[in-house]
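One structure is given below, encoded as structure tokens.
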Amino acid sequence: MIALIQRVREARIDVAGATVGRIGPGLLALVAIQPQDGEPQAQRMVERLLGYRAFSDEAGKMNRSLADTHGGLMLVSQFTLAADTSKGMRPSFTSAATPEHGRLWFDRLVELAKKCHSPVEIGRFGTHMEVSLINDGPVTFWLEVP
């Protein structure tokens, strides 16, 4: 499972002209599910998303997590993060999960996140989304759970 996380001041997801999710300060996580992903990866990714120290403390060091700041978490399914771009000029998606497997484990990730954090907002799986954000920093990290 892969997550590209960005520390944001705010983020919003629109689908077909309607806002379906919005957060204030927190993390936007673009998430890719891979074929081997299951319960262990979903649980570990939630731990990492909530515990990753991407927020500044009083001294200006990144020592605070989303759990510490009680900020928003926006989860967006994005299979393109799992693309193999090592050859040619077109990505291969053989390293991404099938839509059925991806939906199953993305939904489980959301369920686990909502059990231990609030607010959690999501996009719409498998739809064209417009994601707007104000990146705070910018601060962006690649998290991977094998």
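The values are calculated or read from the model by the stated rules, or taken from the named source; none is laboratory data. Since the structure is predicted, the reported quantities are computational estimates derived from the model, not experimental observations. Side chains included, ligands, DNA and RNA excluded: accessible areas come from the protein's heavy atoms. Shrake-Rupley method; radii C 1.70, N 1.55, O 1.52, S 1.80 Å.
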Could you state the angle between the C-alpha long axis of helix 39-51 and the longest principal axis of the C-alpha atoms of the chain, as a value from 0 to 90 degrees rounded to the nearest 10?
30
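Sort Arg44, Arg22, Arg90 by heavy-atom solvent-accessible area, probe 1.4 angstrom, most to least.
Arg90, Arg22, Arg44
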Note the listed values (1) 16.1, 50; (2) 13.7, 39; (3) 14.9, 47, then indicate which one is Rg and Dmax of the Cα atoms in Å calculated from this particular structure.
(3)
Taking Cα atoms only, helix 99-116 is inclined relative to the longest principal axis of the chain by an angle, in degrees rounded to 10, of 20
Report the relative contact order of the stretch 10-104, percent, no decimals, based on alpha-carbon pairs under 8 angstrom and at least 6 residues apart.
31
For the chain, built as a Gaussian network whose Cα springs stay under 10 Å, the top-fluctuating residue of Glu47, Glu130, Glu100
Glu100
At 222 nm, what helix-only mean residue ellipticity would the chain give, in deg cm²/dmol to the nearest 500, using -39500 (n - 2.57) for each DSSP H run of four or more?
-7500 deg cm²/dmol
